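Engineer: Handing you this structure, nothing more for now.
Values in this text are rule-based calculations from the coordinates and carry no lab data. Source: prediction; values computed, not measured. Here the Cβ positions follow ideal geometry from the backbone for every residue, glycine too, while neighbour counts run over all protein chains shown.
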Amino acid sequence: MNILLLGSGGRESALAWKMAQSPLLDKLFIAPGNGGTSQYGTNVAMSPLDFEAIDAFVTENGIDMIVAGNEDPLVAGLYDYFEDKPVKVCGPSKAGAALEGSKDFAKRFMQANGIPTARYRSFNASTLAEGKEFLASLNPPYVLKADGLAAGKGVLIIDSLEEAQKALEEMLAGMFGKSSATVVVEEFLSGIECSVFVLTDGEGGYRVLPVAKDYKRIGEGDTGLNTGGMGAVSPVIFADEEFMAKVDARIIKPTIKGLRDAGIVYRGFIFLGLINVGGEPMVIEYNVRMGDPETEAVMLRVDSDLVELLDAAASGALGDLELRHSPDPAVTVMMVSEGYPGSYPKGREITGLESVEESIPFHAGTAVDADGRLVTSGGRVISVSSTGKDIADALAKSYRSIEKIKFDGKYSRRDIGADLMALASKKN
Ligand code: AMP
Ligand code: GLY
């Protein structure tokens, strides 16, 4: 089977790495890919949002399935564009992608289906005054979310009421352009977060992938600015059988049923951003793709054939196909450019990858320059993934590998997984 994978980050590197191991795979193309994805397939200089170009490419290259790594093409209607064409799409329809594309829609969906989530209300420019009143009725800190996609930056968490009210006004006046024309204001939930990934076939069949936790802030101890993700670990100690049974009964099953009841076609990944509030799982957000960098850890634990699973999901036929995974933990630690998540330099040469033996360095923001050198091209540069007998062992491997990979101004957090290891030692 020939597959076209859309995207260019560490997540797509990990998906491509896993797909390339499948005996079912003939040719893999990655559009646009990065400086490392050509190890697993052929990079194609094509935008994931250029559906016409993708259509022509699919026909010319006999592509059997398109897999969307990131949300943008799905929210823009990738599935619907190709629905009547002879190629499968692994990913939700545009209506399903609204679970990520519109926070207001996601909240209404959860409310309609009795899925546990923070209490909320949505406001627009004509209801600003009510929004300010609603904020005053909540306890701090205040959570404000731009309704639409905002490149991961659309959520503000603010301590003072006055500042939150001012931020609501600014968001509605266009702080995030059209994305914040509607703003969700919700109650703050306190707990530890985790990421649960579900692969669904749109016919009621689904499989749950290994659970992971990501580390979003740039600084150690979860301080400083939000990033696309600085590392991830899997499994997550508190996501035990009892917790996951609640997730299944209260969140996954009602989500899948709610989509079907609404007549929404959804064949692909559902990412549940959960928070553990005193042992009770609640949904912080839905995404309609795998997480980045969670994928760079989770793929190391998946033993089943990913191509077979994705093809079955996209065909509406997961049937009794098993999703087997290894009990061994996996971690990933992101190497980023100095300055990230603010402005950062590009074009710095990367060396030492060939001496990495204990880990898999998944390329994210890398490129090959005109002289054939591997250089940095993004804020998140390389996601260094390892497995081990426990999380500490896997982390030690990633940190040793990071020592070997060199580029000017490289930075990584040294405390990935530290919170979960502290929880584990308390339990023992
Ligand atoms: P989101 O873009 O929805 O994932 O939000 C970004 C981050 O904001 C989440 O990963 C949480 O850490 C935090 N967050 C969002 N909503 C809430 C909430 N209701 N209570 C506490 N933290 C939240
Ligand atoms: N790691 C969180 C995300 O992919 O949205």
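Engineer: How far is it, in nm, from the label point at E169 to the one at T42 when both lie 7 Å from their Cα along the line to the Cβ?
Structural biologist: Here the answer is 5.7 nm between the modelled labels.
Engineer: Now a separate question. Ranked by Cβ crowding within 10 angstrom, fewest neighbours first, how are S137, S160 ordered? Each step should come with its number before you reach the end.
Structural biologist: Values: S137 9, S160 12.
Going from sparsest to densest Cβ surroundings: S137, S160.
Engineer: Which of the lysines could be linked to K404 by a straight reach, that is with a Cα gap under 30 Å, when you skip same-chain ones fewer than 8 residues away?
Structural biologist: Cα-Cα hits under 30 Å: K18, K213, K216, K346, K389.
Engineer: List residues of segment 38-79, by number, whose backbone nitrogen lies under 18 Å from a label position 7 Å along Cα→C-beta of A317.
Structural biologist: 64-66
Engineer: Over the chain, with a Gaussian network built from C-alpha contacts below 10 Å, which listed residue (P329, P210, P140) shows the highest mean-square fluctuation?
Structural biologist: P140
Engineer: Could you tell me which trypsin sites (Lys or Arg not before Pro) in segment 1-60 are loop residues by DSSP with no more than 14 other beta carbons within 10 angstrom of their beta carbon? Mind showing how you got there, number by number?
Structural biologist: Numbers: sites: R11, K18, K27; in loops: K27.
The qualifying sites are K27.
Engineer: A follow-up question, please. Provide the FRET efficiency to the nearest 0.05 for the K406-T223 pair, computing r from the beta carbons and using R0 = 41 Å.
Structural biologist: With R0 = 41 Å, the Cβ-Cβ based efficiency is 0.95.
Engineer: Return the whole-Å distance between the Cα centroid of segment 336-407 and the Cα centroid of segment 262-276.
Structural biologist: When both Cα centres are located, 31 Å separates them.
Engineer: Could I ask something else about it? Please give the direction-averaged projected area of the C-alpha convex hull for the chain, in square nanometres with one decimal.
Structural biologist: Average projection, Cα convex hull of the chain: 20.3 nm².
Engineer: While we're looking at this one, here's another question. Take the alpha carbon atoms of segment 409-426, find their center, do the same for segment 39-78, and report the distance between the two centers in whole angstrom.
Structural biologist: Each part reduced to its Cα centre gives a spacing of 36 Å.
Engineer: Would you mind calculating the gained length between A424 and E354 on full extension (0.36 nm times residue separation, minus the Cα-Cα distance), in nm to one decimal?
Structural biologist: Extra length from A424 to E354 when fully extended: 21.8 nm.
Engineer: Please list, ordered by chain and number, the residues whose modelled amide H lies under 5 Å from the amide H of L49; skip anything fewer than 5 residues away on the same chain.
Structural biologist: Counting only residues 5 or more places away or on other chains, the set is empty.
Engineer: Here's a follow-up. Using the Cα centre of segment 276-428 as the reference point, and only Cβ charges (+1 on K/R, -1 on D/E), how large is the resulting charge dipole? Debye, rounded to the nearest 20.
Structural biologist: Dipole size: approximately 640 debye.
Engineer: Where does the chain land at 222 nm, in deg cm²/dmol rounded to the nearest 500, when only DSSP H runs of n ≥ 4 count, each adding -39500 (n - 2.57), divided by all residues?
Structural biologist: -8000 deg cm²/dmol
Engineer: Quick one: what are the phi-derived ³J(HN,Hα) couplings along segment 83-96, Karplus 6.51/-1.76/1.60 with θ = phi - 60°, whole Hz, x for glycine and proline?
Structural biologist: Values, residue by residue: 4, 9, 9, x, 8, 8, 10, 8, x, x, 5, 4, 4, x Hz.
Engineer: About the Cα centre of the chain, what is the dipole size in debye to 20, counting +1 per Lys and Arg Cβ and -1 per Asp and Glu Cβ, all else neutral? Walk me through the intermediate numbers first.
Structural biologist: Working: 43 positive and 60 negative charges, 109 e Å.
Dipole size: approximately 520 debye.
Engineer: Classify segment 1-108 as rounded, prolate or oblate, taking a ≥ b ≥ c as the square roots of the eigenvalues of its Cα gyration tensor: rounded when a/c is under 1.5, otherwise prolate if a/b is larger than b/c and oblate if not.
Structural biologist: prolate
Engineer: Separate question: Please give me, ordered by residue number, the trypsin sites (Lys or Arg not before Pro) of segment 375-428 that lie in loop per DSSP and have at most 15 other Cβ atoms within 10 Å.
Structural biologist: In loop regions of segment 375-428 (DSSP not H, G, I, E or B), the sparsely surrounded trypsin sites (Lys or Arg not before Pro) are K389, R414.
Engineer: Using DSSP to define loop residues, name the chymotrypsin sites (Phe, Trp or Tyr not before Pro) in segment 159-198 whose beta-carbon has at most 15 other beta-carbon atoms within 10 Å.
Structural biologist: Working: sites: F176, F188, F197; in loops: F176, F188.
Passing sites in segment 159-198 are F188.
Engineer: Does segment 290-428 classify as rounded, prolate or oblate by the C-alpha gyration tensor (a ≥ b ≥ c root eigenvalues; a/c under 1.5 gives rounded; else a/b over b/c gives prolate, otherwise oblate)?
Structural biologist: oblate
Engineer: Straight-line reach only, C-alpha to C-alpha below 19 angstrom: list the lysines that K178 could link to, leaving out same-chain residues fewer than 8 apart.
Structural biologist: In chain and number order, the partners are K94, K103, K107, K145, K153, K166.
Engineer: Using a Gaussian network model of the chain whose springs link C-alpha atoms within less than 10 Å, name the residue from V75, V277, V288 with the highest mean-square fluctuation.
Structural biologist: For the chain, modelled as a Gaussian network with Cα springs under 10 Å, the answer is V277.
Engineer: Then there's this: Label segment 231-310 by shape, choosing from rounded, prolate and oblate, from the square roots a ≥ b ≥ c of the eigenvalues of the Cα gyration tensor; if a/c is under 1.5 it is rounded, and otherwise prolate applies when a/b is larger than b/c, oblate when it is not. Present the calculation step by step, with values, prior to reporting the outcome.
Structural biologist: Working: a/c = 1.74, a/b = 1.04, b/c = 1.66.
It is oblate, given that a/c is not under 1.5 and a/b is not larger than b/c.
Engineer: Which one of N276, A232, A245 is farthest out on the positive end of the charge dipole of segment 228-301, using unit charges on Cβ (Lys, Arg +1; Asp, Glu -1) and the Cα centre as origin?
Structural biologist: A245
Engineer: A follow-up question, please. Which of M282, M46, M19 moves the most in a Gaussian network model of the chain with Cα springs under 10 Å?
Structural biologist: M46
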